[in-house]
1. Under a Cβ-Cβ cut-off of 12 Å, what is the net charge of the residues other than residue 178 that fall near it, where Lys and Arg count +1 and Asp and Glu count -1?
2. Looking at the square roots a ≥ b ≥ c of the eigenvalues of the Cα gyration tensor of the range 1-159, which shape do they give, rounded for a/c under 1.5, prolate if a/b is larger than b/c, or oblate?
3. Got a number for carbon plus sulfur as a percent of the range 19-149's accessible area, 1.4 Å probe?
4. Would you rank 184, 98 by solvent-accessible area, highest first, keeping every protein chain in place and using a 1.4 Å probe?
5. Which lysines, on any chain, are close to residue 116 with Cα under 17 Å apart, when same-chain ones fewer than 8 places away are left out?
6. Can you pull the percent of Cα pairs in the range 93-221 with separation above 22 Å?
7. Using a simple charge model, +1 on the beta-carbon of Lys and Arg, -1 on the beta-carbon of Asp and Glu, nothing else, what dipole does the chain show about its Cα centre, in debye to the nearest 20?
8. When you count, for each residue, the other Cβ atoms within 10 Å and take the mean per peptide, how do 8-17, 168-177, 83-92, 41-50 rank with the highest first?
Amino acid sequence: LPLIRDGAIVRVGEPLGNFYGYVWDGIFQDSASAANSGQVGAVRGADRLRDINGRDANGSLTGQPDGKITTDDRTILGNAQPKYTFGQNGSLGYRALTVSWVLRGVQGNEVVNLNKQGMVTPGGSSNMLREVLNYWSPTNPTNTMTGLGVSPNSNMISRWVEDGSFVRLQNVTLSWDVPSRLRTRVGMGQLRLYASGQNLATWTKYSWYDPEASSRLTSDRTISDMELGWDDSSYPGVRTVTLGLNVGF
């Protein structure tokens with residue numbers, strides 16, 4: 001049997017880090033479609049979940065819609081493990097100047113953005129994002145944002161799963177080896193000035209601070225392996241700049 005916990009699943013023959021839940025299918029635009037959806041608690045202005053699976057008379061899954069939303073409609077929504085991990089480092093020098101760098105990235109993984117889940121619920125009691133101003137209403141029938149006063153969907157849904165691929169400029173160092181004619185004036189055998197920066201730039205489609213996030217890891221190894229790639233108020237990587245010098249006599 002698969003092991004399922006809070007939107008994560010471990011199943012024989014599949015990789016760790018799978019996200020498991022319902023496919024988000026927009027917003028209910030009218031009361032009739034909500035009432036006929038087979039989705040418990042559905043009202044206009046609420047999240048619509050996609051009907052993708054039913055059961056036949058023998059109780060076997062059919063892989064076809066059955067007109068109602070049940071736990072059988074859950075599916076794999078993405079995976080936290082990247083398909084590719086890559087990096088590149090190099091350096092260039094001109095006379096006494098040298099610049100070196102490290103680029104690093106991943107491709108083909110997803111991240112669950114729980115930060116947005118808590119901050120795009122119109123009418124909630126916590127801080128909201130600006131996009132909430134585009135909330136659904138009869139006069140603003142958006143298909144991207146729920147309505148005021150609509151109870152948030154507590155299920156794991158694909159709305160919160162985002163592309164976690166990124167390329168990061170991990171490190172850049174610019175150095176200058178002071179020429180000997182200048183060093184000897186101050187009695188130094190070696191003098192090197194440098195500036196170094198870490199996490200200077202990240203190129204990603206992920207909408208939050210840092211795609212390289214995983215905030216739900218615990219000391220329980222089984223649970224940790226299930227809950228890879230969940231960003232729930234994770235502290236992002238710190239951007240730092242260091243200035244220094246190396247001196248030798």
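The values are calculated or read from the model by the stated rules, or taken from the named source; none is laboratory data. From a predicted model like this one, the values you see are computed outputs, not experimental measurements. Neighbour counts run over all protein chains shown; Cβ positions are idealised from the backbone, glycine included. Quick note on the areas: whole protein, heavy atoms, side chains included, nothing else; ligands and nucleic acids left out. Shrake-Rupley method; radii C 1.70, N 1.55, O 1.52, S 1.80 Å.
1. Numbers: positive: 95, 181, 183, 185, 192; negative: 177.
The answer is +4.
2. Values: a/c = 3.30, a/b = 1.53, b/c = 2.16.
Oblate.
3. The computed percentage sits at 51.
4. Highest to lowest solvent-accessible surface, that is 184, 98.
5. Answer for residue 116, where 17 Å is the Cα cut-off: 205, listed by chain and number.
6. In whole percent, the long-distance tail amounts to 61.
7. Taking the Cα centre of the chain as origin, the dipole is about 1380 debye.
8. Values: 8-17: 15.0, 168-177: 17.5, 83-92: 10.5, 41-50: 19.3.
Highest mean packing first, the order is 41-50, 168-177, 8-17, 83-92.
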